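Asks: Before we start, here is the structure in question, set down as structure tokens.
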Amino acid sequence: MDELVLGIESSCDETSAAVVKSGNRVLSNIIWTQMDIHSRYGGVVPELASRRHLEAVLPVVDRALREAGVRGRDLHCISVVNGPGLLGALLVGLTAAKALSLAWEVPLLGVHHIVAHVYANFLGDEEPEFPLVCLVVSGGHTEILFMPGHGRFELLGRTRDDAAGEAFDKTARLLGLGYPGGKEIDRLAQEGDPEAVPLPRSYLEEGSLDFSFSGVKTAMIHALDQAGRAYSLEDLAASFQKAVVDVLVDKTFAAAERYRVRQVLLAGGVAANSELRRRTHAEGAKRGIRVLLPPPSLCTDNAAMVASAGTYLYRMGVRSSLSLNAVASLQIPGCG
Ligand code: KG4
Ligand code: ZN
């Protein structure tokens, strides 16, 4: 099948629109980032985000269509993230999607932001096979999902405090790096010794697939307080990164073994982390489990993943009505 689907994403600080063909071929993927506005505040300012989305959304959609060489009326469906995220930001993308759906007489389809991240793995030639386990690690989420088939999810584990990306960003701030700092920690860690700073690994109760990152963050504060700059930034970054990645990888493969799946996926912004990618590949090879990861550029927020998820849901007959609402704390379908 060769459906043409437009994806729209505006849940946080990126305005993005993309056209994807057949669920896996990216014809365009325009991302207008607002990082310049928010970095000076050390985090995303919701009101500023909504205003910038408002300016950006139609030009970004227009560019995505032009780059793909597609007219609005040729689309099979418009898929848009309707949650979770910043309510004002979500409403901008959703309202634009509704208006375009009406104007072009094209069906509308609401997509969960995390589901969209998972479907970044379907953009490309190698299609994942079910059943599978996916670790979703972003600025707002850390979840291990079991996926028996398209559009079906079971929540196996989640963070009890900070999301993995949040832990990276807070630690980066502690180290005096910019916002968001995950990428910078990744870069510094390449030159550091991951064993230099003793940090705890939080495994919680025996057999639990949940996560907690507050302990490692507190230990980093102590390491800085006690030693001042006795540890190099590179060693601090490498040690922190390893402490987080150790637990993420161990629990993901524990879930894969428990659910007897032969396939593991990564998704979300932190899936761009080079140490997490390397270790997941290595662990998969050791256990004979196939590992698939999106390219780093498709791990962070983008609309191609939204269009891919939209295509598979469209094939399943899913449609949304024009009364679709934006929900800041939307639950993953089936995981409520
Ligand atoms: O998925 P995403 O773009 O937005 C959310 O849905 O939250 O993820 C953003 C998060 C940020 O916390 C950022 O610091 C983190 O992904 N991130 C990374 C890397 N690249 C982005 N964390 C660690 N290593 C990276 N290379
Ligand atoms: Zn995201």
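Asks: Could you run through the stretch 95-121 and say how many residues are within 16 Å of ligand 2 (Cβ to nearest atom) and more than 24 Å from ALA328 (Cα to Cα)?
Replies: So the answer is 1.
Asks: Still on this structure, I have one more. Can you name the strands (runs of 3 or more DSSP E) wholly within the stretch 1-71 that have at least 3 residues being surrounded by fewer than 22 Cβ atoms within 10 Å (Cβ to Cβ)? Walk me through it before giving the result.
Replies: Details: elements: 4-9, 14-21, 25-33.
In the stretch 1-71, the matching strands (runs of 3 or more DSSP E) lie at 25-33.
Asks: Looking at the stretch 261-272, which of its residues are within 16 Å of ligand 1 (Cβ to nearest atom) and either out of contact with any helix residue (DSSP H, G or I) (no Cβ under 7 Å at 6 or more places or on another chain) or open to solvent by 10 Å² or more (accessible area, probe 1.4 Å) (or both)? Before you say what the answer is, go through the steps one by one.
Replies: Filtering the stretch 261-272 for residues within 16 Å of ligand 1 (Cβ to nearest atom) gives 265-272.
Passing the criteria: GLY269, VAL270, ALA272.
Asks: I'd like the full set of residues that are under 15 Å from ALA163 (Cα atoms) and of a type in the set (A, V, I, L, M), limited to the stretch 197-212.
Replies: Within the stretch 197-212, LEU209 is the sole residue that qualifies.
Asks: What pairs come out if I take residues in the stretch 1-25 that are farther than 15 Å from HIS113 by Cβ and pair them with residues that are acidic (Asp, Glu) and more than 16 Å from ligand 2 (Cβ to nearest atom) whose C-beta lies under 6 Å away, six or more apart or interchain?
Replies: LEU4/ASP74; LYS21/ASP2; SER22/ASP2
Asks: Do we find that VAL270 is aliphatic (A, V, I, L, M), without any contact (Cβ under 8 Å) to a residue 60 or more places away in the chain and either in a helix (DSSP H, G or I) or not assigned by TED's automatic domain parsing to the domain that holds MET147 (or both) in this structure? Spell out how you get there, then give the answer.
Replies: Details: aliphatic (A, V, I, L, M): yes; without any contact (Cβ under 8 Å) to a residue 60 or more places away in the chain: no; either in a helix (DSSP H, G or I) or not assigned by TED's automatic domain parsing to the domain that holds MET147 (or both): yes.
So VAL270 does not fit the description; no.
Asks: Within the stretch 113-155, how many residues turn out to be assigned to a strand (DSSP E or B), within 16 Å of ligand 1 (Cβ to nearest atom) and either of a type in the set (Ser, Thr, Tyr) or open to solvent by 10 Å² or more (accessible area, probe 1.4 Å) (or both)?
Replies: 2
Asks: Let me ask another. Looking at the stretch 250-260, can you tell me whether even one residue there is open to solvent by 30 Å² or more (accessible area, probe 1.4 Å), touching a Phe, Trp or Tyr at 6+ places or on another chain (Cβ under 6 Å) and of a type outside the set (A, V, I, L, M, F, W, C)? So that I can check it myself, show each step before the final result.
Replies: Of the residues in the stretch 250-260, the ones open to solvent by 30 Å² or more (accessible area, probe 1.4 Å) are 250, 254, 257-260.
Of the ones still in play, those that are also touching a Phe, Trp or Tyr at 6+ places or on another chain (Cβ under 6 Å) are 259.
The next check asks that each one be of a type outside the set (A, V, I, L, M, F, W, C); those that pass are 259.
The answer is yes, given that some residue of the stretch 250-260 is open to solvent by 30 Å² or more (accessible area, probe 1.4 Å), touching a Phe, Trp or Tyr at 6+ places or on another chain (Cβ under 6 Å) and of a type outside the set (A, V, I, L, M, F, W, C).
Asks: Going through the stretch 304-327 one residue at a time, which ones are surrounded by 15 or more Cβ atoms within 10 Å (Cβ to Cβ) and of a type in the set (A, V, I, L, M)?
Replies: The answer is ALA304, MET305, VAL306, ALA307, ALA309, LEU313, VAL318, LEU324, ALA326, VAL327.
Asks: Looking at GLY93, GLY110, GLY88 in this structure, which one is part of a helix (DSSP H, G or I) and either surrounded by fewer than 22 Cβ atoms within 10 Å (Cβ to Cβ) or more than 16 Å from ligand 1 (Cβ to nearest atom) (or both)?
Replies: Numbers: GLY93 fails: either surrounded by fewer than 22 Cβ atoms within 10 Å (Cβ to Cβ) or more than 16 Å from ligand 1 (Cβ to nearest atom) (or both); GLY110 fails: part of a helix (DSSP H, G or I).
Result of the check over GLY93, GLY110, GLY88: GLY88.
The values are calculated or read from the model by the stated rules, or taken from the named source; none is laboratory data. Since the model is a prediction, treat every value here as computed from it, not as a measurement. Cβ: placed from backbone, ideal geometry, glycine included. Neighbour counts: every protein chain shown. Keep in mind that these areas ignore ligands, DNA and RNA; they rest on the heavy atoms of the full protein, side chains included. Shrake-Rupley method; radii C 1.70, N 1.55, O 1.52, S 1.80 Å.
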